[in-house]
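To start, the structure under review is shown below, and the notes come after it.
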Amino acid sequence: MQIKTANRENFTAKQRKLSDIAYLVLHYTGNRGDTAKNNADYFAREVTGTSAHYFVDENEVWQSVPDGHAAWHCGTKGAYYHPACRNANSIGVEVCMLDKHGKLRQGSVDRAAALVRELMQRYSIPPDRVVRHYDVTHKDCPAPMVQNPALWREFQAKLTQEDDEMKYYEKLTDIPAGELRDTVQLLIDRKAIAGNGSGLHLTARLLIK
């Protein structure tokens, strides 16, 4: 993840408690063919009175506002349609969702889901507190997931999928047959690994790095 902090005129200067973070709000940039870096650069350079914590495309994530500050991403001069989600207690994630032809960029959506899962874990946020900008203010954002609710349901489903890299292998036979299992067997034979008393407790992430 890259970091380029937004212009200080674009977010709340006073720090908030990280324990105040209770919601994650998904947005889309509305631009075609843009990148996370383009957006981070823009909000660092310009005074817009708006901001988001993260910008995501299919290749990378850029953080624009520190989590410990409120970004201005879901405020409204009109009515709120969500009883509790506000700028002060949420993190805003902007997705570069459209290609240059206006088609959905699935890679960006997938990377955004991975980021949201990470933030959910970091701040103990349950899936029902991951919302669209639309759910807070009725703004048509992220438009593809408002106009086609099935896309939003697909995104929500991704949030409860176990990250394959975080699966734990407790027994040798749990590891897929092949070179990886053979390597682990060799390490066991050499007493290089012995588990934690109840099993191997190896993650896929550890095995493939």
Sole miss for ALA44 among (1) under 19 Å from LEU115 (Cα atoms); (2) without any contact (Cβ under 8 Å) to a residue 60 or more places away in the chain is condition (1)
Which helices (runs of 4 or more DSSP H) sit wholly inside the stretch 100-164 and have at least 1 residues that are in contact with a helix residue (DSSP H, G or I) (Cβ under 9 Å, 6 or more places away or on another chain) and aliphatic (A, V, I, L, M)? 106-123, 143-147, 149-158
Qualifying position, being assigned by TED's automatic domain parsing to the domain that holds VAL116, under 14 Å from the mean Cα position of the chain (by Cα) and not in a loop (DSSP other than H, G, I, E, B), among PHE55, PHE43: PHE55
Output the number of residues of the stretch 30-60 satisfying the condition of being in contact with a Leu (Cβ under 8 Å, 6 or more places away or on another chain) and closer than 22 Å to ASP20 by Cβ. 1
Looking only at residues in the stretch 12-40 that are hydrophobic (A, V, I, L, M, F, W, C) and in a strand (DSSP E or B), which one is surrounded by the most Cβ atoms within 10 Å (Cβ to Cβ)? VAL25
Report yes if some residue within the stretch 67-86 is in contact with a Pro (Cβ under 8 Å, 6 or more places away or on another chain) and in the same structural domain as LYS14 (by TED's automatic domain parsing); otherwise report no. no
If you scan the stretch 111-135, which residues turn out to be surrounded by 14 or more Cβ atoms within 10 Å (Cβ to Cβ) and either at positive phi or charged (D, E, K, R) (or both)? ARG111, ARG117, ARG129, ARG132, ASP135
Between a first residue in the stretch 77-88 that is crowded, with 16+ Cβ neighbours inside 10 Å and a second residue that is hydroxyl-bearing (Ser, Thr, Tyr) and in a loop (DSSP other than H, G, I, E, B), which pairs have beta carbons less than 9 Å apart while being 6 or more apart in sequence or on different chains? ARG86/TYR80
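The values are calculated or read from the model by the stated rules, or taken from the named source; none is laboratory data. This structure is a prediction, so every number in the text was calculated from the model and none was measured. Note: ideal-geometry Cβ built from the backbone for every residue, glycine included; neighbour counts use all protein chains shown.
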